[in-house]
There are 2 protein chains.
Amino acid sequence: MARLVLKFGGTSVADLDRIRVVAAHVKREVDAGNEVAVVVSAMAGTTNQLVDWCKGAAKLHDAREYDSVVSAGEQITSGLLAITLSDMGVPARSWLGWQIPLRTSGVHGAARIETIETEGLEQAFAEGRVAVVAGFQGLGENNRIATLGRGGSDTSAVALAAALKADRCDIYTDVDGVYTTDPRITPRARKLAKITYEEMLEMASQGAKVLQTRSVGMAMTHQVRVLVRSSFADPDDPQLVAATNGTADLPGTLVCDEEEIMEQELVTGIAYSRDEAKITLVDVEDKPGVSAAIFGPLADAGINVDMIVQNVSEDGSMTDLTFTVSNAELDKARSVIEGAKDEIGYQNLISDGDVSKISVIGVGMRSHTGVAQKMFRALADRGINIHVISTSEIKVSVLIASEYTELAVRALHTAYGLDGEAA
Amino acid sequence: MARLVLKFGGTSVADLDRIRVVAAHVKREVDAGNEVAVVVSAMAGTTNQLVDWCKGAAKLHDAREYDSVVSAGEQITSGLLAITLSDMGVPARSWLGWQIPLRTSGVHGAARIETIETEGLEQAFAEGRVAVVAGFQGLGENNRIATLGRGGSDTSAVALAAALKADRCDIYTDVDGVYTTDPRITPRARKLAKITYEEMLEMASQGAKVLQTRSVGMAMTHQVRVLVRSSFADPDDPQLVAATNGTADLPGTLVCDEEEIMEQELVTGIAYSRDEAKITLVDVEDKPGVSAAIFGPLADAGINVDMIVQNVSEDGSMTDLTFTVSNAELDKARSVIEGAKDEIGYQNLISDGDVSKISVIGVGMRSHTGVAQKMFRALADRGINIHVISTSEIKVSVLIASEYTELAVRALHTAYGLDGEAA
């Protein structure tokens, strides 16, 4: 017997038929003797409708009222799933954030989880009852409902798994796992059976939109094993039933600790992001405090700076400085920098929104050299020019012209030996 | 300064435009220096959608889950109205049933209000804040959400007005008041400025669907003055503003204690109901216990019996017994009676679903005679045959063939001098 937290997103609970499929997945786990808590999102489209109403009611709205309105979406699905489960002979009850309670702090609309009372849920397990938990919501200050912000249901699920000391947190989603790279770019992309938290964190933040970065970070901190799997699979598929009973391999991709992965590949995956923009300041005076003069105002404006490169000039008095921001924030970043021109003191500002970031990721590179070298060589062989390079312990990222994105991803996928059979 | 509870139903909050009109009504009261709590229903259509989902998920559903799902409707409107009010410069916050808390007991889906904590709401008033309360919902046992059943928002509003010792409870609805009879039947129907609780109770249960019977009963018990008024009136109409400031008569109809009505008419109104059916048992043995044998099984089956008439036969051994039930329950009532035929012992069962009940209502008839006599005369003059008669302290009801409904209502309206100018 295992204790599991299952999470289903908005497309998985989009209507009553889909909710019945979700219930069948839950029933399969219960029939195998597991204790199960389920976290659900709002029906696809519902949250957007509720957000639109709030925005339509007033441009500036009290975040506490927004939270009360928007949290109704998960309230509805949690009740409907509990009804459906009971109808299938699986005892269940719904739990709203305030009923558990799942206590939060911080800003409404983007609250952080502080504590989760497990007494009521443990009691439910003891009575053989499935706990259906409304995701995305908790209890804030003054007895108000607080929401966790976008992607909050993933976070709810992982936090719940941590609090309940669950054996695994299954995130049912519209893809069947994490791939070595985006399968839309190369049919030779392979599904990974396992990936470490660190790698998943890089994959997520590099644009593989399978799991919310925040929930992966929380899973890593609390060592919650997360299984990314498909909510569109047939719940009664014999292979799936066998995996549930432990007589076949788990489906999907398990996000886990490095120690649980026997043989680690040098490189696990190739990620890319098109939402990039480059700003170069030409002839910046190379004096103390100039970095603060540039990045202080950007931080104040809430603009996230990613890569930074500085070229020292020959005589050491002038420098060119290049950094990247998300494409969506390019205009805002430009106007912030232009507004601070006198304090910074630069000759010229050049920007380019037509760039992509390609990253090679793998915990194996901690103990191996030559990974970056192989990347530069593979790109050079295709005539792809590198604008900016940045590295961390487990990844190497480069900025290139957008038009080369697919070519670069495919070249690197092959170069690191990640190609599988063409799907 | 007065303390007011305002209640707006589903059509009054059907979309953001309608919610803005509601907010303008609230603002008018606040600008006049009043302390205001507002009770809102779900947007028109939302509750039906949520109920349909619950029914679609399972034929038999846990009422606690049903309540959790369905209460989301009022949760949404309470937040949206609070946002709209704040946007108009009127400080406001939303209150869900569990946040007040408004404690309930009894069956989920049809819970009864037990207590209402007023501390939080009083605090809100002290801070000059409007309390926007989600109607129809409260906190049940085990920290679960409970709903009050259909029409529950009227009950929420009256109960809240009683707990807050409000000066008045304004029910904004899609009619502009209570009329001497249904204006669709006669254009000469007049709007009543005031009506007593007792009369309103009869008018409501007799088919004038302005206020829920349950909320009128509660208003009478707790002496809450209820004003029935139109939610479609222009909130900034000078006449309405004057009424708010106490320099003009109140709009709508005030439901209040008899003492507050200076000059009482003999008859206040004519009500009718087409949802009636008559069952006659021919040749019932006239022995002790026969009534129990008939009405016991009907009560057990949850069937509400209204009028009962018994004719004694000449020799006193046999009797005919006639009673009425709602038309919707006729088939059920027939099969209950037929199933108990042996215990009851009757010759024949005759039923008629094509009947209407017409009632003449007025507290004035307590101290005057001849009211019934005038009714029988007016109907006889039009050749309308009376099947059954029943009377109470303040009303006389007769059962007639349905086809005469409008004719009877118009004749009685004229006979009791209720006709006004044709609208």
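The values are calculated or read from the model by the stated rules, or taken from the named source; none is laboratory data. From a predicted model like this one, the values you see are computed outputs, not experimental measurements. Please note: Cβ atoms are built from the backbone with ideal geometry, for glycine as well, and neighbour counts cover all protein chains shown. Side chains are part of the model used for accessible areas, which takes the heavy atoms of the whole protein and leaves out ligands, DNA and RNA. Shrake-Rupley method; radii C 1.70, N 1.55, O 1.52, S 1.80 Å.
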Here the equivalent ellipsoid of the protein assembly as shown, derived from its Cα gyration tensor, has semi-axes (largest first, whole Å) of 68, 35, 20
For the stretch B:1-47, list log₁₀ I(q)/I(0) at each q in 0.17, 0.22, 0.33 Å⁻¹, using the Debye formula over Cα point scatterers of equal strength and ignoring solvent, two decimals each. -0.48, -0.72, -1.15
Could you give, in nm with one decimal, how far A:Asp237 is from each other copy of that position, shortest first, with labels 7 Å out from Cα toward Cβ? 6.4
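Once the piece of chain linking B:Asp257 and B:Val51 is laid out straight, how much longer is it, given 0.36 nm per residue of separation minus the C-alpha distance between them?
Gain in length upon complete extension: 70.5 nm.
Evaluate peptide B:17-23: per residue, the Cβ atoms of other protein chains within 10 Å of its Cβ; return the mean as an integer.
1
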Summing +1 for each Lys or Arg and -1 for each Asp or Glu, what net charge is found among the other residues whose Cβ lies under 9 Å from the Cβ of B:Val228? -1
Charged-residue dipole, Cβ positions (Lys, Arg, Asp, Glu), the protein assembly as shown about Cα centre, Debye nearest 20: 200 debye
Scan the stretch A:129-158 for trypsin sites (Lys or Arg not before Pro) in coil per DSSP, keeping those whose Cβ has at most 15 other Cβ atoms within 10 Å, and list them by number. A:Arg150
Filtered GluC sites (Glu not before Pro), the stretch A:371-423: DSSP coil and at most 10 other beta carbons within 10 Å: A:Glu393, A:Glu421
For the stretch A:302-402, with equal point scatterers placed on the C-alpha atoms only and solvent neglected, what are the log10 I(q)/I(0) values from the Debye formula at q = 0.10, 0.13 1/Å, to two decimals? -0.36, -0.60
Just to check I understand the Karplus step: with θ = phi - 60° and J = 6.51 cos²θ - 1.76 cosθ + 1.60, what whole-Hz values come out for the stretch B:231-237, glycine and proline as x? 8, 9, 5, 5, x, 9, 4
Rough spin-label spacing in nm, given labels placed 7 Å along Cα→Cβ, for A:Glu338 and B:Asp381: 8.8 nm
Going by amide H atoms built from the backbone, whose H comes under 5 Å of the H on A:Ala2, apart from near neighbours? A:Asn34, A:Glu35
Based on C-alpha coordinates, I'd like the Rg and Dmax of the stretch B:1-106, in Å. 15.5, 51
With x for Gly and Pro, the residue-by-residue ³J(HN,Hα) of the stretch A:346-355, computed from phi through the Karplus equation 6.51 cos²θ - 1.76 cosθ + 1.60 at θ = phi - 60° and given in whole Hz, is 10, 7, 8, 10, 10, 10, 8, x, 9, 10
Top of B:Asp315, B:Asp257, B:Asp331 by mean-square fluctuation, Gaussian network on chain B, Cα under 10 Å: B:Asp315
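Using square roots of five times the C-alpha gyration tensor eigenvalues, list the equivalent-ellipsoid semi-axes of chain B in whole Å, biggest first.
Values: eigenvalues 348, 160, 60 Å².
Semi-axes (√(5λ), whole Å): 42, 28, 17.
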Counting only protein heavy atoms, probe 1.4 Å: which residues of the stretch A:54-72 lose 40 Å² or more of accessible surface in the full assembly compared with their chain by itself? A:Ala57, A:Glu65, A:Ser68, A:Val69
Treating the beta-carbon of each Lys and Arg as +1 and of each Asp and Glu as -1, no other charges, what is the dipole magnitude of the stretch A:269-415 about its Cα centre, to the nearest 20 debye? 820 debye
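Given the pairs A:Lys27/B:Lys332; A:Lys209/A:Lys357; A:Lys55/B:Lys55; A:Lys59/B:Lys209; B:Lys55/B:Lys341, which span a C-alpha to C-alpha distance of over 27 angstrom in this model? Provide the component values of the computation, followed by the final result.
Values: A:Lys27/B:Lys332 39 Å; A:Lys209/A:Lys357 15 Å; A:Lys55/B:Lys55 31 Å; A:Lys59/B:Lys209 38 Å; B:Lys55/B:Lys341 36 Å.
From the list (A:Lys27/B:Lys332; A:Lys209/A:Lys357; A:Lys55/B:Lys55; A:Lys59/B:Lys209; B:Lys55/B:Lys341), the Cα-Cα distance tops 27 Å for A:Lys27/B:Lys332; A:Lys55/B:Lys55; A:Lys59/B:Lys209; B:Lys55/B:Lys341.
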Percent carbon-and-sulfur accessible area, chain B, ignoring ligands, DNA and RNA, probe 1.4 Å: 47 percent
Using a Gaussian network for chain B with springs between C-alpha atoms less than 10 Å apart, which of these wobbles most: B:Val355, B:Val178, B:Val133? B:Val355
List the residues, sorted by chain then number, that are 5 or more residues from A:Ile145 or on another chain and whose placed amide H is less than 5 Å from its amide H. A:Gly140
1/(1 + (r/R0)^6) with r = Cβ-Cβ of A:Glu421 and B:Val107, R0 = 51 Å, i.e. FRET efficiency to nearest 0.05, evaluates to 0.25
Need one number: buried accessible surface between chains B and A, 1.4 Å probe, both sides summed, DNA, RNA and ligands left out, in Å² to 100. 3100 Å²
Could you give the accessible area per residue of the protein assembly as shown, probe 1.4 Å, as a whole number in Å²? 42 Å²
